[in-house]
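S.K.: Here it is: the structure, laid out below.
The values are calculated or read from the model by the stated rules, or taken from the named source; none is laboratory data. Model, not experiment: these values are computed from the prediction. With ideal geometry, Cβ positions are generated from the backbone for all residues, glycine too; neighbour counts draw on all protein chains shown.
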Amino acid sequence: MRARVVYESMFGSTREVARALGLGLAETMDVDVLEVGSLAATPDGNHLPMGLDLLVVGGPTHAFGMTRASTRADAATGAPRPLVTQGVGIREWLDRLVLPHGGIACATFDTKVEHPNLPGSAAKAAARRMRGLGGHLVLPPHTFTVQGKSDGLVDGQLDAARAWGRSLGSALTPVG
């Protein structure tokens, strides 16, 4: 079985989550973990490889949903370091994504500040887009928390991401 994790990350926390959940998935299947900009830059980046069993998409929550060019520009203003994802985010990539006929198993995740607890979720917005393209959600959208805009993950979130990756793998792995 094969999975692909596609992520968008501003300051590295979402990238860390994507890698950790990839490790959990790797316990039951082959997995690629790719930054969305690396896919958008290739001619076939909007098509999934043949034989893919699971697509996982994640990114940070900005302005109550998936990032936009304007929210990424705001994040870059005064940033302590260059952004991980520059250019195309998961919103734009999903707008051009072509799923195989009959759809594909999928899951979505996001990162979101712990305090204040604001409404909105990039994971839920991405899940709606994936279902609209014909994707079949394996598990509900999942949120991992960060301490602040660029302050890193809340303790325990990488362990939680790895466990969620295991859960995704278990949901697809035939029993017996």
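S.K.: Does segment 88-110 contain any residue that is in contact (Cβ under 8 Å) with a residue 40 or more places away in the chain, closer than 17 Å to ARG131 by Cβ and among the acidic types (Asp, Glu)?
M.R.: Taking every residue of segment 88-110 in turn, at least one turns out to be in contact (Cβ under 8 Å) with a residue 40 or more places away in the chain, closer than 17 Å to ARG131 by Cβ and among the acidic types (Asp, Glu).
S.K.: Okay, next question. Considering segment 131-174 alone, what residues qualify as being closer than 18 Å to LEU118 by Cβ and part of a helix (DSSP H, G or I)? Write out each step before concluding.
M.R.: At the first step, the residues of segment 131-174 found to be closer than 18 Å to LEU118 by Cβ are 141-151, 153-154, 157.
Across segment 131-174, the qualifying residue is only GLN157.
S.K.: In addition: Across segment 144-166, which residue is surrounded by the fewest Cβ atoms within 10 Å (Cβ to Cβ) among those that are more than 16 Å from the chain's Cα centre (by Cα) and over 12 Å from THR111 (Cβ atoms)?
M.R.: Initial filter on segment 144-166 (more than 16 Å from the chain's Cα centre (by Cα)): 147-152, 154-156, 159.
Restricting the remaining residues to those that are over 12 Å from THR111 (Cβ atoms) gives 155-156, 159.
Working: ASP155: 9, GLY156: 11, ASP159: 11.
Among those that are more than 16 Å from the chain's Cα centre (by Cα) and over 12 Å from THR111 (Cβ atoms), it is ASP155.
S.K.: Right, next: Under the condition of being part of a loop (DSSP other than H, G, I, E, B) and at pLDDT 90 or above, which residue from segment 100-128 is nearest to VAL146 (Cα to Cα)?
M.R.: Only one residue fits best here, namely SER121.
S.K.: Answer yes or no: is there a residue in segment 40-52 that is among the charged types (D, E, K, R), free of Cβ contacts under 8 Å to residues at least 40 places away in the same chain and either surrounded by 12 or more Cβ atoms within 10 Å (Cβ to Cβ) or outside any loop (DSSP other than H, G, I, E, B) (or both).
M.R.: Checked against the condition, which is being among the charged types (D, E, K, R), free of Cβ contacts under 8 Å to residues at least 40 places away in the same chain and either surrounded by 12 or more Cβ atoms within 10 Å (Cβ to Cβ) or outside any loop (DSSP other than H, G, I, E, B) (or both), segment 40-52 yields no hits at all.
S.K.: What are the residues in segment 146-176 that are under 22 Å from LEU55 (Cα atoms) and at pLDDT below 95, if any?
M.R.: Within segment 146-176, the first condition is being under 22 Å from LEU55 (Cα atoms), and the residues that meet it are 157-175.
Of everything in segment 146-176, those that are under 22 Å from LEU55 (Cα atoms) and at pLDDT below 95 turn out to be GLY169, SER170, ALA171, LEU172, THR173, PRO174, VAL175.
S.K.: Also, I was wondering about something else. Say we look at segment 10-45 and pick out the residues that are touching a strand residue (DSSP E or B) at 6+ places or on another chain (Cβ under 6 Å) and among the polar types (S, T, N, Q); which of these is farthest from ALA105 (Cα to Cα)?
M.R.: It comes out as SER13.
S.K.: I've got another one for you. Tell me, please, whether a residue that is surrounded by 14 or more Cβ atoms within 10 Å (Cβ to Cβ), on the phi < 0 side of the Ramachandran plot and modelled with pLDDT of 90 or more can be found in segment 67-81.
M.R.: no
S.K.: Every residue in segment 16-42 that is within 16 Å of GLY87 (Cα to Cα) and not small (Gly, Ala, Ser), please. Steps first, answer last, please.
M.R.: Of the residues in segment 16-42, the ones within 16 Å of GLY87 (Cα to Cα) are 34-42.
Those that are within 16 Å of GLY87 (Cα to Cα) and not small (Gly, Ala, Ser): LEU34, GLU35, VAL36, LEU39, THR42.
S.K.: Can you give me the number of residues within segment 1-39 that are over 23 Å from ALA163 (Cβ atoms) and without any contact (Cβ under 8 Å) to a residue 40 or more places away in the chain?
M.R.: Number satisfying all stated conditions: 1.
S.K.: Moving to a separate point now. Here are some conditions: (1) outside any loop (DSSP other than H, G, I, E, B); (2) within 11 Å of the chain's Cα centre (by Cα). ALA3 meets all but one. Which one does it not meet?
M.R.: Of the numbered conditions (1) outside any loop (DSSP other than H, G, I, E, B); (2) within 11 Å of the chain's Cα centre (by Cα), the odd one out for ALA3 is (2).
S.K.: Please enumerate the residues belonging to segment 98-136 that are surrounded by 15 or more Cβ atoms within 10 Å (Cβ to Cβ), more than 30 Å from ASP155 (Cα to Cα) and in contact with a His (Cβ under 8 Å, 6 or more places away or on another chain).
M.R.: Once the filter is applied, which keeps residues that are surrounded by 15 or more Cβ atoms within 10 Å (Cβ to Cβ), more than 30 Å from ASP155 (Cα to Cα) and in contact with a His (Cβ under 8 Å, 6 or more places away or on another chain), segment 98-136 yields only ILE104.
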